[in-house]
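Below is one structure, written out as C-alpha cells, with a few remarks after it.
The values are calculated or read from the model by the stated rules, or taken from the named source; none is laboratory data. The shown structure was predicted, so the numbers you read here are calculated from the model rather than taken from an experiment. Reconstructed Cβ throughout: ideal geometry from the backbone, glycine too, with neighbour counts over all protein chains shown.
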Ligand code: GDD
Ligand code: MN
C-alpha cells in the first residue's frame, strides 16, 4: 500500500491507482506455435512491471513448437522471462499444471499467449485475490466484460452451453476462461488433478476446493497472429471432463443421477420391446415378461459401463446375478409400496393408483440403487470426495 506521505497530494482516484502490489507474481502462459505473439506478451508484461513496480516472473510453457519460440524469448533478453519446452504429456491443461508447479512466487496468474487476455488486467486480478477472493477469473460475462464483435452465433452458443453445463460445479459467470489468478498454496493443496482438454480453471476450482471465485471484467479480443487450437475433439473431451468433475464433487449423488438416467432408458427399452411383441401378436404375459427381462439386461450393461464404472474389472456374471437379485427385491418393494399406498393414503385421491405406482417405482429404484451401490458393485468410486484413491492418469501432487 502507498504510504500516506506519498499520496497526501493526490485525489481519491489517483490514490486508488497507486495501490501497490507487494506480492511477487508468476505469470504462466501455455504456448503452442506462438512465436509471433511471444515478443508482444513480453513487452506488455515489461510495461506492467515498470508501471506498477511489481515483481513478475514470466513462464512460457511450450509444447515443443519448434517455431523459433525459444529464440524469441532469448532475444527479448529479459532475465525474468523464460520458456520451458515440454516434450511429454502435451496439451493446454497439462502445460498449465506444470507451469503452476514450476512457478516460484506465491501468486500465480495464467493467461493465453495470443493476447486475447489483456495483461494490463493482471494488477486487478491480483488485487481481487488480495482483497479476499480465493480464485479470480478474468471474465467476459460480468458487467463491463466484452468480446470482439465477430464472435459468430456458433461460438457464442457453444460458450453459453458449456458454461451452463458447469453451473452445478461453480456459480462463476465465466469458468471457461483461461485467464485467472490463484495462490500457489491453494494449487499445492489440490488432490487428483486430472487435467484434460481446455477447461483448466474449472478443474482447479473444483479440485482445489475453491470456496469463493471473484471475477474481474475483461475485454476478450480476437487473436492477432496464428490460429486457435480449440478443435471439436477438445470440445468432446469437455463432456468427459464434466462427468469426472461431477463425480468428484457429488460422489454417490452423481452415481444416483446416472442410475436414474439409466433407469429412464430402461423404461423406454421395456415399453419398446413390449409394444413390438404385442404388435407381432405375442401373448401379453409374455410381452410383459420380455420387456422386463430385456430392460434388466440393458440397465445392467449401462450401469456397469457408466454408473458403477469403477467395478468394470469385476466378474460380469457374478455381477449380473447380483443385479438381477437386487432388482427382483426392488420389484417386490415397488409393488408392496404401491399397493400399501393405494389402500391407505391414496385410497380416495384422484389418480391415486397412478400416484401409488409412481411412488412404488421411485422406492423400487432407490432400493435397487442402494442394493447395487453397496452390495453388488461395492468399492468406493475413486473420484468421490471421501477417501479417494488415485485414478489412472491422475497427476500425483
Ligand atoms: N503448451 C500448450 N500445449 N499450449 C497450448 C496447447 C497445447 O497443446 N494448445 C493451445 N495452447 C495455448 C495457445 O498457444 C494459447 O496460448 C492458449 O493455449 C489458448 O489457446 P487458443 O488456441 O488461443 O484457444 P482459444 O482462443 O480457442 O480458447 C480460449 O478461450 C477459451 C474460452 O473461449 C482459451 O482462453 C481457453 O483457455 C478458453 O477455454
Ligand atoms: Mn485464443
* Kindly indicate the residue of the stretch 38-67 that is within 16 Å of ligand 2 (Cβ to nearest atom) and in contact (Cβ under 8 Å) with a residue 40 or more places away in the chain and also nearest to residue 121 (Cα to Cα) among those meeting that condition. => 44
* Select from the stretch 117-162 the residues that are modelled with pLDDT of 95 or more and within 15 Å of ligand 2 (Cβ to nearest atom) and write down the one among them that is nearest to residue 222 (Cα to Cα). => 117
* Structure fact -> Pairing a residue in the stretch 72-90 that is closer than 16 Å to residue 36 by Cα and within 15 Å of ligand 1 (Cβ to nearest atom) with any residue that is assigned to a loop (DSSP other than H, G, I, E, B) and at pLDDT 95 or above, where Cβ atoms lie under 6 Å and the two sit 6 or more apart in sequence or on different chains, gives 72/35
* Which ones in the stretch 232-248 are under 30 Å from residue 67 (Cβ atoms) and either surrounded by 15 or more Cβ atoms within 10 Å (Cβ to Cβ) or not assigned by TED's automatic domain parsing to the domain that holds residue 126 (or both)? -> 234, 237, 238, 241
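Tell me, yes or no, whether the stretch 262-283 has at least one residue that is away from ligand 2 (no atom under 16 Å from the Cβ), under 28 Å from residue 186 (Cα atoms), touching a helix residue (DSSP H, G or I) at 6+ places or on another chain (Cβ under 8 Å) and outside any helix (DSSP H, G or I).
Residues of the stretch 262-283 that are away from ligand 2 (no atom under 16 Å from the Cβ), as a first pass: 262-283.
Among the residues that remain, those that are also under 28 Å from residue 186 (Cα atoms) are: none.
No, the stretch 262-283 has no match at all.
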